[in-house]
1. For Thr312, work out the one condition from (1) at pLDDT 95 or above; (2) open to solvent by 10 Å² or more (accessible area, probe 1.4 Å); (3) of a type in the set (Ser, Thr, Tyr) it doesn't fulfil.
2. Among the residues of region 186-196, is any in contact (Cβ under 8 Å) with a residue 40 or more places away in the chain, within 20 Å of Val272 (Cβ to Cβ), open to solvent by 30 Å² or more (accessible area, probe 1.4 Å) and polar (S, T, N, Q)?
3. Return the residues of region 343-369 that are closer than 20 Å to Lys317 by Cα, in a loop (DSSP other than H, G, I, E, B) and either in contact with a Leu (Cβ under 9 Å, 6 or more places away or on another chain) or open to solvent by 70 Å² or more (accessible area, probe 1.4 Å) (or both); say none if nothing qualifies.
4. Out of Arg231, Arg162, Arg221, Arg227, I need the residue that is of a type outside the set (Phe, Trp, Tyr), in contact with an Asp or Glu (Cβ under 6 Å, 6 or more places away or on another chain), more than 30 Å from Pro383 (Cβ to Cβ) and open to solvent by 30 Å² or more (accessible area, probe 1.4 Å). Which one?
5. Within region 341-367, count every residue that is without any contact (Cβ under 8 Å) to a residue 40 or more places away in the chain and farther than 18 Å from Lys291 by Cβ.
6. Out of curiosity, is Ser330 of a type in the set (Ser, Thr, Tyr) and in contact with a helix residue (DSSP H, G or I) (Cβ under 8 Å, 6 or more places away or on another chain)?
7. Only one residue in Glu303, Glu328, Glu352, Glu334 is modelled with pLDDT under 95 and either out of contact with any Lys or Arg (no Cβ under 9 Å at 6 or more places or on another chain) or not aromatic (Phe, Trp, Tyr) (or both), so which one is that?
8. Which one of these is in contact (Cβ under 8 Å) with a residue 60 or more places away in the chain, within 30 Å of His159 (Cα to Cα) and touching a strand residue (DSSP E or B) at 6+ places or on another chain (Cβ under 8 Å): Thr88, Thr105?
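The values are calculated or read from the model by the stated rules, or taken from the named source; none is laboratory data. Here the structure is a predicted model, which is why all the values come from computation and not from measurement. Virtual Cβ from ideal backbone geometry, glycine too; neighbours counted across all protein chains shown. Side chains included, ligands, DNA and RNA excluded: accessible areas come from the protein's heavy atoms. Shrake-Rupley method; radii C 1.70, N 1.55, O 1.52, S 1.80 Å.
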Amino acid sequence: MTALDELVASFPEESKIGINELFNRFHFTESQKLEIAKDEADLRQWKEKSFLELADYNSIENRKDGRKGDAYLSQQRLYMKKLRSGETDYSSFSPRVHPRLKYRTEFIDKQIVLGRCPCPVDGEKTRCCKLTTMDPVEQCAFSCSYCSVQSFYSEKEIHAVRNLKSQLDNLSIPEGVWHIGTGQASDSILLGDDYGTLSALSDFAEKHEDIIIELKSKSGRNVFKDRKYPRNMFFTWSLNAPTIIEKEEHLTASLEKRIENAERARDNGNLVGFHIHPMVYFKGWDEEYPKIAELLESRFSPEDIAMISIGTLTFTKAVLRKLRENGEESRVLEMELTPAAGKFSYPLEIKEKMFRTVYTSFSEHFRKNIFFYLCMEDPSLWPSVLEREYSSDKEFEMDMKKNYFSKL
């Protein structure tokens with residue numbers, strides 16, 4: 001099946017009939033048909049009316065030049081541009097969380113390998129920290145609407161790697177590896193130590209004091225009670241505006257619960273970090289995101305925090321296709337999908353405004369004593385947002401390393 005066929009096949013029956021009738025009524029090229037179908041998929045996700053119901057068919061039919069398909073598409077583009085421009089309005093949006101197939105967790109016989117950060121690398125189009133990655137767990141029970149993990153794995157099972165400790169004992173570590181992240185394929189503390197994952201990672205960290213193991217989470221699960229972890233295990237949390245957590249990050253812990261859990265990690269003797277990511281340009285963003293800075297400053301000191309990263313929504317073509325085919329109610333795609341280093345994101349001017357607002361919401365004391373960075377973002381944003389820049393990814397990586405180990 002073509003991409004168009006697969007997308008239309010995912011529509012409800014009434015929508016399939018309507019869009020096929022439109023395609024039979026006017027002449028469209030195959031690329032125009034796909035554009036129309038994508039927009040219809042987006043409108044369905046946003047809980048907006050189908051443009052099939054809104055088009056001015058009289059003016060289209062009255063055209064004398066025969067370009068009725070072009071006229072329809074022109075109307076639709078104007079309508080979609082109006083919806084996509086400006087801040088997304090969540091005030092009356094109440095998404096229905098689609099029931100997923102019941103999750104089960106199973107061991108998987110898989111060889112642990114070290115990967116690399118998914119930033120685009122060629123030409124250094126984004127400033128990348130060259131994070132080394134490890135996937136001891138695959139798939140996630142949370143239901144964030146923008147998540148790429150759901151595009152890669154079966155929705156029915158969460159897989160924990162079998163014999164993780166023995167595999168890590170025998171893992172060949174390339175020269176220069178100093179920072180390994182475990183939160184790319186799942187939430188790092190979702191399973192706690194139910195499958196021995198944290199015990200294996202703790203043992204690995206103890207044996208490799210020169211390597212920082214970063215765990216990344218949106219969970220409120222307390223994995224710190226009556227248990228200590230090596231100092232070189234950093235526990236980090238993705239933080240978002242309460243509106244986005246409620247409307248788009250389904251089944252995850254609240255902002256308050258995430259911060260409480262970070263306090264547990266801090267009190268247990270570990271450095272913590274925060275990823276204010278992915279920021280969403282919605283009505284109220286300029287009030288809710290600065291409050292995250294206020295919360296962190298009221299609960300932590302700079303000595304507690306290894307890093308704070310800032311970033312926003314970024315989609316690959318594959319993820320966009322999966323989101324549209326899933327058809328789950330969400331407004332994350334109600335944005336200007338601007339090409340960005342092989343992916344799609346907000347225009348640079350919107351990013352600059354959002355990132356700088358968050359960064360300057362922190363006190364000078366925090367800005368000077370915590371390592372802030374932009375995650376997977378265009379290098380041109382660094383000077384205007386963080387008032388510093390790097391000439392290369394390597395320079396960025398080395399500065400990050402120096403700052404992280406200074407906190408250790």
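1. It fails just one condition, (2).
2. The answer is no; no qualifying residue exists.
3. Correct list: Tyr346 only.
4. Working: Arg231 fails: in contact with an Asp or Glu (Cβ under 6 Å, 6 or more places away or on another chain); Arg221 fails: in contact with an Asp or Glu (Cβ under 6 Å, 6 or more places away or on another chain); Arg227 fails: in contact with an Asp or Glu (Cβ under 6 Å, 6 or more places away or on another chain).
Within the list Arg231, Arg162, Arg221, Arg227, the selection yields Arg162.
5. Pass one, region 341-367, residues without any contact (Cβ under 8 Å) to a residue 40 or more places away in the chain: 344-345, 347-349, 351-353, 356, 360, 364, 367.
Going one step further and asking which of them are farther than 18 Å from Lys291 by Cβ, we end up with 344-345, 347-349, 351-352, 364.
Here the count works out to 8.
6. Numbers: of a type in the set (Ser, Thr, Tyr): yes; in contact with a helix residue (DSSP H, G or I) (Cβ under 8 Å, 6 or more places away or on another chain): yes.
Considered against the rule, which asks whether it is of a type in the set (Ser, Thr, Tyr) and in contact with a helix residue (DSSP H, G or I) (Cβ under 8 Å, 6 or more places away or on another chain), Ser330 comes out as yes.
7. Glu328
8. That would be Thr105, the only listed residue that is in contact (Cβ under 8 Å) with a residue 60 or more places away in the chain, within 30 Å of His159 (Cα to Cα) and touching a strand residue (DSSP E or B) at 6+ places or on another chain (Cβ under 8 Å).
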